[in-house]
Ligand SMILES: Nc1ncnc2c1ncn2[C@@H]1O[C@H](COP(=O)(O)OP(=O)(O)OP(=O)(O)O)[C@@H](O)[C@H]1O
Ligand SMILES: [Mg+2]
């Protein structure tokens, strides 16, 4: 579904990614784990096009999207729930969601998607007229996921959805990811710090450090493959 | 004091304030959407005034017609300038965009100077006057105030009731969030800056409806300064704030001037302007982000 | 994270190029801006200077000159006997006059007009008059000049260069108060005589300089003729005075105020307005109920136009309206059409309003120089345009040359000090008008402003009576009458 090949990028003259290869199969949850500063966010933002790739290729459903601008990627069905959520703080929950349905493709299904979202996150329905900036951290994360869902993605990149959220809420968000994969057929590329939650819900796992993929493997077997020096960093 | 004068001054203040408001709105809009302080705002106002002059003198077109020409020209100019220059400067250091718009301002002024020379031009477009007790307001200035108000209403409706309007607000609040919604953020920036330029040029035409004289290549600078103060008063980036700020200034002027005049100040209008800055300072102490910014 | 596709780098080649372009443009813009800004006090201090600091000094000064020159008429002739100086061992083959003048920049147009007037006068001296009569010989004048580009820095540089490198005998000033203000201390430093034909600000002469001599009317006397004209048609008028709050117009207003006080006239409203005024309505609201007879305005271009517009809109009528600068230009009539009728503007000189040898002999003052016809013809030769109409800047420049030549002849010396001494005593009439200065400050006190009034679509000289071409219209038609098409007909 999405293959990232020898991707390199960075900021200014500082290189962060050094030839990253990642494969994401259709209808799977793939996780990328790694210590702070490993380059996970940089990877997702490069895939989205917020950061220009220096070299390497990004293929989506066998089309080269390396140079496609972000809003075109959204139209193609690839979208992100970014680090820091990037909501519109002065708009109401509903306005945030409606703006998510900006594209023609998503506008046509707007009622269905809204129903799905209120079904997945009933709290958002209650809060629908409240400005997004006044929601709690967990609610904001739900809204961020919901807004991305409004664009009807086929693959969703999530950058640490559990960040700064109570464990119970993390659970429910993770369960939502399972449901999205199973019921909505959405492929998921997940970046996480919460190792336990990630391992539990992922099909395949990549371990990243210093801008490189160190190991990859099945969620069940990966733990044994992680080099010792990294274990402490990622909380094992 | 005679009650007729009070009513006249109040109306006069509203008209003036409404015009100040529309003059400031374009500056606020561009800052709100692109975080760019448009130092060419004054030069665009100047070009708006010349648009009115040129079409009135050359083609007998009333300033009402020039309004539309100014909007269209400003819109295209703003969008082109965005794609040519400002696009690469979005998110760059403020100083960079400040310098870029300053350069544009000088460029626009010097073109005007080459084209029109340094003479002070003016024209006579008169629709007559309304007598308010013993005092007179020109119809054209009342019209200017009303057009300014309607423009702000239309702009607000556009921003809050249309899809593109929401996209503009979205980009203003978080450009990355806007990308995620599938919005072509560059196009929206171009549109926003275009509207800002269009409003600036249009307000130049509106100014000539209040005062069709003294048109010269450097007429914009005091308006830029005044807009700046008004925009800060209303809250940087807020449309309503800019307009309300303008109204406050307009009313403050008609109240303060007679007061200082009565108190035998040597230059009552300078005192009035000074007091406006004091009002701004006090207000910023109470509300550091201006009246309408959260 | 950078908020767009661009990387976070600020100094890409593009931005650097932009910054360079902007700096270049910024300098150009700054240069124009500096050329129009007001003069600043010179940084150099002089041991003998009488620093001009307070308003009180200025007021005192104005009272003194007005008192001396306008109320008590000056002695008809000042006896000046050529000093018996022994001729210098070698007489120069020519007398070199130096000048830095704005031929380009914001003052370029008027500066050029003055420059052409100066060339016309030099041509007259060399070709018609035969040269400067010195020690029984005639010596021609030669002009050395630089274009100061309306820049205060350049005018200072060139003034210094003219004195130290070109070693000129005498200097003519640049044009516009800020530029003359900037160059005056340089001339003073070298004890070089500077004939000021282009800076009307009194302040130039209130710095304690001894070597600066003014040819045309200073700001403080700009509007006093208007008051005389007003008094000739209306007894005990009620006057409204408003003026732009800049240095020049503060002096204009100060002159009006003091002169009115001397004459016991009533100024019923006396207020300044800010330089960037965009709306006169508040002033007009205060003025309207006063029902005054005369409006005197210390204005410039834009504000003068705006005031006219708003007076007309508000239909606030005066029998007499005199305004600086704006109404003196044809643009004014273009902008206002019939509404301009009757508005009066003070001017230093106009074609058709020249002094003549007859006037000089009637006043009992010595005459020197070409007549108006001669001057206009020479001017047209110089500008190569047989229909050119020299503006007052040209006449003032020409007068500077003529006055200098006469003073050299009277002094029989090329020593700036000696010539300066003669200039302090000399009373002369040229086609440009009278010349006589306050001997201490060098301020012009005899040259009279003429008043021009818009009458039936033309600017007509109506004052002073000796050169007037038409009668002053008073009271002028009301705004309502003018809107209905009535003109100011004498
Ligand atoms: N906008 C930026 N400009 C310059 N350097 C950056 C920027 N953002 C991140 N970096 C640097 O790039 C490297 C990778 O950062 P990145 O945010 O991708 O790490 P991460 O794996 O997402 O870390 P975390 O788990 O803390 O979110 C870090 O060294 C960081 O300092
Ligand atoms: Mg991260």
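Taking the Kirkwood radius as the inverse of the mean 1/r across Cα pairs, report the Rg/Rh of the stretch A:1-49. Could you put the intermediate results ahead of the total?
Working: Rg = 11.3 Å, Rh = 11.6 Å.
That ratio is 0.97, to two decimals.
At 25 °C and 0.890 mPa s, grab the translational diffusion coefficient of the stretch A:2-231 from Stokes-Einstein with a Kirkwood Rh over Cα pairs, rounded to a whole number in µm² per second. Could you put the intermediate results ahead of the total?
Numbers: Rh = 17.9 Å.
In µm²/s, the coefficient rounds to 137.
Just B:79, B:103, B:144 to compare: in a GNM of chain B, with alpha carbon springs under 10 Å, which one fluctuates most?
In the Gaussian network model the winner is B:103.
Give the share of C-alpha pairs in each 5 angstrom bin for the stretch A:98-236, from 0 to the last occupied bin, in whole percents, shortest bins first.
Here the calculated profile for the stretch A:98-236 is 2, 9, 18, 20, 18, 13, 9, 7, 4, 1, 0.
Can you pull the percent of Cα pairs in the stretch C:424-477 with separation above 15 Å?
Working: 809 of 1431 pairs.
Summing the P(r) tail past 15 Å for the stretch C:424-477 gives 57 percent.
Helix B:3-34 versus the longest principal axis of chain B: what is the Cα-based angle in degrees, 0 to 90, to the nearest 10?
Long axis of B:3-34 versus the principal axis of chain B: about 10 degrees.
For the stretch C:317-385 and the stretch A:87-162, compute the distance between their C-alpha centroids and round to whole Å.
77 Å
Which of A:150, A:196, A:208 moves most in a GNM of chain A, Cα contacts under 10 Å?
Maximum among the listed residues: A:196.
Helix B:94-116 against the longest principal axis of chain B: what's the angle in degrees, Cα atoms only, rounded to the nearest 10?
Taking Cα atoms only, the helix is inclined about 60 degrees.
Can you compute the equivalent ellipsoid semi-axes for the stretch A:28-110, i.e. the square root of 5 times each eigenvalue of the Cα gyration tensor, sorted largest first and rounded to whole Å?
Numbers: eigenvalues 121, 68, 28 Å².
So the three semi-axes of the stretch A:28-110 are 25, 18, 12 Å.
Take the alpha carbon atoms of the stretch A:22-83, find their center, do the same for the stretch C:209-240, and report the distance between the two centers in whole angstrom.
80 Å
Just tell me how shielded B:258-270 is by partners: mean number of partner chain Cβ atoms within 10 Å of each residue's Cβ, no decimals. Please list the in-between numbers first.
Values: counts 3, 0, 2, 7, 1, 0, 2, 2, 5, 9, 7, 11, 6.
Across the residues of B:258-270, the mean count of other-chain Cβ atoms within 10 Å is 4.
What's the percent breakdown of Cα-Cα distances in the protein assembly as shown across 10 Å bins, shortest bin first?
Here the calculated profile for the protein assembly as shown is 2, 10, 16, 17, 15, 12, 9, 8, 6, 4, 2, 0, 0.
Express as a percent, rounded to the nearest 5, the fraction of DSSP beta bridges in the stretch C:90-235 (both residues included) that run antiparallel.
Values: 3 of 18 bridges.
Looking only at bridges with both residues in the stretch C:90-235, the antiparallel portion is about 15 percent.
Would you work out the Kirkwood radius for the stretch B:36-96? I mean one over the mean of 1/r across all pairs of different Cα atoms, in Å. If you can, show how the numbers build up before the last one.
Details: mean 1/r = 0.0771 Å⁻¹.
Taking the inverse mean of 1/r over all distinct Cα pairs, the stretch B:36-96 comes out at 13.0 Å.
What shape does the stretch B:82-175 have by the C-alpha gyration tensor, where a ≥ b ≥ c are the square roots of the eigenvalues, rounded means a/c under 1.5, and otherwise prolate means a/b greater than b/c and oblate the rest? Walk me through the numbers on the way to the answer.
Details: a/c = 3.45, a/b = 1.34, b/c = 2.57.
Oblate is the answer for the stretch B:82-175, as a/c is 1.5 or above yet b/c matches or exceeds a/b.
Please compute, over every Cα-Cα pair in chain B, the percentage with a separation greater than 25 angstrom.
Working: 20729 of 43071 pairs.
Here the long-distance tail beyond 25 Å is 48 percent of all Cα pairs in chain B.
For chain B, set up a GNM with springs between Cα atoms under 10 Å and report which of B:123, B:102, B:265 has the largest fluctuation.
The residue with the greatest mean-square fluctuation here is B:265.
Take peptide A:81-92, look around each residue's Cβ out to 10 angstrom, count Cβ atoms belonging to other protein chains, and average those counts.
On the way: counts 1, 6, 2, 4, 4, 11, 5, 10, 4, 6, 6, 0.
Shielding by partners across A:81-92 averages 5.
Treat the count of other C-beta atoms within 10 Å as a stand-in for reagent exposure and order B:181, C:345 from fewest to most. Write down the numbers at each step before the final one.
Numbers: B:181 30, C:345 26.
Taking fewest neighbouring Cβ atoms as first place, the list is C:345, B:181.
Taking every eigenvalue of the Cα gyration tensor of the stretch C:396-490, multiplying by 5 and rooting it, what semi-axes result, largest first, whole Å?
On the way: eigenvalues 342, 26, 18 Å².
Equivalent ellipsoid semi-axes, largest first: 41, 11, 10 Å.
Quick one: angle between helix A:110-120 and the longest Cα principal axis of chain A, in degrees between 0 and 90, rounded to 10, please.
For A:110-120 against chain A, the angle is about 70 degrees.
How shielded is B:215-227 by partner chains, expressed as the average number of their Cβ atoms within 10 Å of its Cβ atoms? Please list the in-between numbers first.
Working: counts 3, 3, 1, 5, 3, 0, 2, 5, 2, 0, 1, 2, 0.
Per residue, the average neighbour count from other chains is 2.
Helix-derived [θ] at 222 nm for the protein assembly as shown: sum -39500 (n - 2.57) over DSSP H runs of at least 4, divide by residue count, nearest 500? Don't jump to the answer; show the numbers that get you there.
On the way: 37 runs with 498 residues, N = 1020.
Value at 222 nm, helices only, nearest 500: -15500 deg cm²/dmol.
Sort B:41, C:205, A:201 so the one with the fewest other Cβ atoms within 10 Å of its own Cβ comes first. All intermediate terms of the calculation are to be shown ahead of the outcome.
Numbers: B:41 29, C:205 25, A:201 20.
Least to most surrounded, the residues fall as A:201, C:205, B:41.
If packing is taken as the average count of other Cβ atoms within 10 Å, what order do B:91-97, C:90-96 fall into, highest mean first? Spell out each step's value before the answer.
Numbers: B:91-97: 16.4, C:90-96: 12.9.
Averaged packing, sorted descending, gives the order B:91-97, C:90-96.
Classify the stretch B:173-294 as rounded, prolate or oblate from the Cα gyration tensor: take a ≥ b ≥ c as the square roots of its eigenvalues, call it rounded if a/c is under 1.5, otherwise prolate when a/b beats b/c and oblate if not.
Details: a/c = 3.43, a/b = 1.62, b/c = 2.12.
Verdict is oblate for the stretch B:173-294.
All of the numbers you see were taken from the coordinates with simple rules; none came from a lab. Remember, it's a predicted structure, so these values are computed and weren't measured experimentally. With ideal geometry, Cβ positions are generated from the backbone for all residues, glycine too; neighbour counts draw on all protein chains shown.
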